[in-house]
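Asks: This is the structure, below, for whatever I ask next.
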Amino acid sequence: MKIELGFLPRIWISDAPDSGGYFPFAIDGEMEYIIEFSLDREKETEQFVPKYMHLLNKFPLFVMAEIYDDQREELEQDCHLLKIQFETINPKKKNDCFYKIKIDNNKQLEVIYPFLYGNGSMNNMVLWSLETDVFSYGKRKFKNTFLNRDKYTVIAKMNDNNSIFWISYDGSSVIAISNDNHFSTINEITKKLPLGVNYEVSEYGND
């Protein structure tokens, strides 16, 4: 398995939530490190993330995920079967619903992650945090919003050592936003990559 790693340029990051940009949700607090993990194949992405989370060993994971209506029943059945705590949050949208889910171990993650990746790759919003629940749901002013109206969105509160992950547009990558020094350099990040994972460093322009 091969991945690409790179630090996103700060010039790409908007101070306000940015639909179609970085990021389509609100972030309160400082962001020290913003790293993109890119994989070529969907199946590899589904395999990589549970293995990587297992090696980071920062459970529980707190998930905020927008799930299509036709997948909700199966997701809830799996949560009940595995004794996974969850609650629903009305996102003020038709046909889908936000779930707040607490994942305590890798066995639970291996079952739930295909739901998360499947919805994230269809551009539903899917995020998770390590060890601490940092998510809420409320109104914020978006960049370039028509008529300058506030919109409902996920809000992530970043404190010292917090880390959150977001499945990026079309599921093409997973982006880590962190204040943990583990994510400060490529060398530190690669110490926790699963066995058999090779990497290349991505160099981004500032355009």
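The values are calculated or read from the model by the stated rules, or taken from the named source; none is laboratory data. The structure presented is a predicted model; accordingly, all values stated were derived computationally and were not measured. Glycine gets a Cβ as well: all are built from the backbone with ideal geometry, and neighbour counts include every protein chain shown.
Asks: Does Pro194 satisfy the criteria of being closer than 21 Å to Leu56 by Cα and either among the charged types (D, E, K, R) or part of a helix (DSSP H, G or I) (or both)?
Replies: No: the conditions fail for Pro194.
Asks: May I pose another question? Filter the range 118-131 down to residues that are under 11 Å from the mean Cα position of the chain (by Cα) and under 18 Å from Pro60 (Cα atoms) and give me whichever is surrounded by the most Cβ atoms within 10 Å (Cβ to Cβ).
Replies: Looking at residues that are under 11 Å from the mean Cα position of the chain (by Cα) and under 18 Å from Pro60 (Cα atoms), I get Val126.
Asks: Here is a further query. Any idea how many residues of the range 137-151 are at pLDDT 90 or above, farther than 15 Å from Asp15 by Cβ and either aliphatic (A, V, I, L, M) or surrounded by fewer than 15 Cβ atoms within 10 Å (Cβ to Cβ) (or both)?
Replies: So the count comes out to 2.
Yes/no per residue for (1) among the aromatic types (Phe, Trp, Tyr); (2) in contact (Cβ under 8 Å) with a residue 60 or more places away in the chain; (3) over 20 Å from Asp180 (Cβ atoms); (4) touching a Lys or Arg at 6+ places or on another chain (Cβ under 7 Å):
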{"position": "Leu8", "(1), (2), (3), (4)": "no, yes, no, no"}
{"position": "Ser19", "(1), (2), (3), (4)": "no, yes, yes, no"}
{"position": "Tyr33", "(1), (2), (3), (4)": "yes, yes, no, no"}
{"position": "Thr45", "(1), (2), (3), (4)": "no, yes, yes, no"}
{"position": "Leu55", "(1), (2), (3), (4)": "no, yes, no, yes"}
{"position": "Leu61", "(1), (2), (3), (4)": "no, yes, no, no"}
{"position": "Met64", "(1), (2), (3), (4)": "no, yes, no, yes"}
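Asks: Now, a different point. Looking only at strands (runs of 3 or more DSSP E) that fall completely inside the range 79-180, which ones have 2 or more residues that are free of Cβ contacts under 8 Å to residues at least 24 places away in the same chain?
Replies: 85-89, 135-141
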